[in-house]
1. I'm told residue 367 meets every condition in (1) crowded, with 21+ Cβ neighbours inside 10 Å; (2) not in a loop (DSSP other than H, G, I, E, B) except one. Can you identify the failing condition by its number?
2. Just a yes or no: is a residue in region 201-222 within 16 Å of the ligand (Cβ to nearest atom) and in contact with a helix residue (DSSP H, G or I) (Cβ under 6 Å, 6 or more places away or on another chain)?
3. Identify the single condition in (1) more than 16 Å from the ligand (Cβ to nearest atom); (2) within 22 Å of residue 161 (Cα to Cα) that residue 281 does not satisfy, given that it satisfies every other one.
4. How about region 194-219: which of its residues are in a helix (DSSP H, G or I), closer than 27 Å to residue 429 by Cα and without any contact (Cβ under 8 Å) to a residue 12 or more places away in the chain?
5. Could you tell me whether region 200-219 includes any residue that is small (Gly, Ala, Ser), surrounded by fewer than 16 Cβ atoms within 10 Å (Cβ to Cβ) and under 20 Å from residue 277 (Cβ atoms)?
6. For residues in region 144-173 being among the hydrophobic types (A, V, I, L, M, F, W, C) and surrounded by fewer than 24 Cβ atoms within 10 Å (Cβ to Cβ), which is nearest to the ligand (Cβ to nearest atom)?
7. From 354, 412, 405, 372, which residue is out of contact with any Leu (no Cβ under 8 Å at 6 or more places or on another chain), farther than 30 Å from residue 96 by Cα and without any contact (Cβ under 8 Å) to a residue 12 or more places away in the chain?
8. If you go through region 272-297 one residue at a time, how many are within 14 Å of the chain's Cα centre (by Cα) and either free of Cβ contacts under 8 Å to residues at least 24 places away in the same chain or part of a loop (DSSP other than H, G, I, E, B) (or both)?
Amino acid sequence: MNLPIQPNDIQAVIEADRNHVWHHLIQHKPFETIDPRIMVEGRGMRVWDATGKEHLDAVSGGVWTVNVGYGRESIANAVRDQLVKMNYFANSAGSIPGALFAQKLIEKMPGMSRVYYSNSGSEANEKAFKMIRQISHRHHGGRKYKILYRDRDYHGTTLAALSAGGQPQRVDQYGPLAPGFVKVPHCLEYRNQFPDAESYGLAAANAIEEVILREGPDTVGGLCLEPITAGGGVITPPAGYWERVQEICAKYQILLHVDEVVCGVGRTGAWFGYQHYGVKPDFVTMAKGVASGYAAISCTVTTEAVFEQFKDDASDPMSYFRDISTFGGCAAGPAAALENMRIIEDENLIENTAAMGERMMDNLRALQDKHAVIGDVRGKGLFLGAELVSDRASKEPIEEKRVQAVVADCMAQGVIIGATNRSLPGFNNTLCFSPALIATADDIDRITDSVDQALGRVFG
Ligand code: PMP
């Protein structure tokens, strides 16, 4: 590969980074003695760093984002064409790509109707929270203000989204948090927290109802859930869970908000994760894979029934949604998203994701048979996790440093995998895989072979 910068310049870049960049989610002390990694170029499933090393990326840009792979010139061209024509206008006016992408998105989401644009997953979730709060003010005298979230789920980094955060290591040092967010139990069947439950799915959903009854149903306005929990350990919901959740929301008139920031736009082998479970949400939020990281865009999608509640009294100046996201008016986002969606359709990437996801699941199950340290394998499509335990009977979690040793061994082999909950005592133990939706059988096999070798070396 021809690196676009010369070796001398690379050292200058590394020093500039070391001296001035504050990276996300990472302890910087080691950078006093080792170089920070700089990613320089990407093609398909592969990325090259500043040392020229090639990596097979099994985590789509680290955080489930680059769904259609790197180096897509057609997306870059669509964005360029849009930027030179009309880069920005506040979204109180429309844009051509904004209108066309909204229409195309809604075609994939029967029952949904309106798209509100912003820039990040956190922001998309904040918009839904604000809509739920405004509905409470306008239609329930302000009483139905509480928003339920689930243990182990994550909905973003801004303070209200963080207040709905079920991962203590990301939340605990940032209080005081926003009031009105209430936690419900997780639904990880492997670590069933209801020992006497006959059907785990039903019990986990009924635990939500218990919280609603405890809080008072007339105080609860919304329930926000990931369809499959991502950073909390790749948690696929147990059988019967979503059906019961839907019933509970209907029973207590609670608006159901599905956070598809990770699962959305093909990742799980369907357009959206909730569609596997026949769920009818009131809100769907999405970000990462919407434009595969080629531009910043997020969407808060609602039903027409939700939307109607913001225009039923035009004479009241407080009746509409008094919210703006400045960069929700950047036309690059929907231009990239439109082309991203065309690629997914034309290249049959949803079908590929389902097929390659099955192959990867089979490979991981075979590794589970071979390596006692894999306690559980779960996920859907190209969104999979393997939970590591030091003892299968007790399910004692493996220590963080050994999980990191597996990740580092794969990295040394030229394969980037992830691990969730790294610093959370008790469940810092799930290897995480989310290759781009373009992955081939060879890519999948190479990823799982590298894990096989890494587990052999670290635990062998
Ligand atoms: N929801 C989920 C499920 C996520 O995983 C994330 C990010 N990892 C977010 C929301 C927040 O998205 P962003 O970082 O774009 O604000």
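1. Of everything listed in (1) crowded, with 21+ Cβ neighbours inside 10 Å; (2) not in a loop (DSSP other than H, G, I, E, B), residue 367 misses just condition (1).
2. Checked region 201-222: at least one residue is within 16 Å of the ligand (Cβ to nearest atom) and in contact with a helix residue (DSSP H, G or I) (Cβ under 6 Å, 6 or more places away or on another chain).
3. (1)
4. Once the filter is applied, which keeps residues that are in a helix (DSSP H, G or I), closer than 27 Å to residue 429 by Cα and without any contact (Cβ under 8 Å) to a residue 12 or more places away in the chain, region 194-219 yields only 203.
5. No, because not a single residue in region 200-219 is small (Gly, Ala, Ser), surrounded by fewer than 16 Cβ atoms within 10 Å (Cβ to Cβ) and under 20 Å from residue 277 (Cβ atoms).
6. Here the residue is 162.
7. Criteria check complete, one pass: 412.
8. Going through region 272-297 one residue at a time, the tally reaches 6.
None of the figures in this text is laboratory data; all of them are computed from the coordinates on show. Remember, it's a predicted structure, so these values are computed and weren't measured experimentally. As a convention, Cβ positions derive from the backbone with ideal geometry for all residues, glycine included, and neighbour counts pool all protein chains shown.
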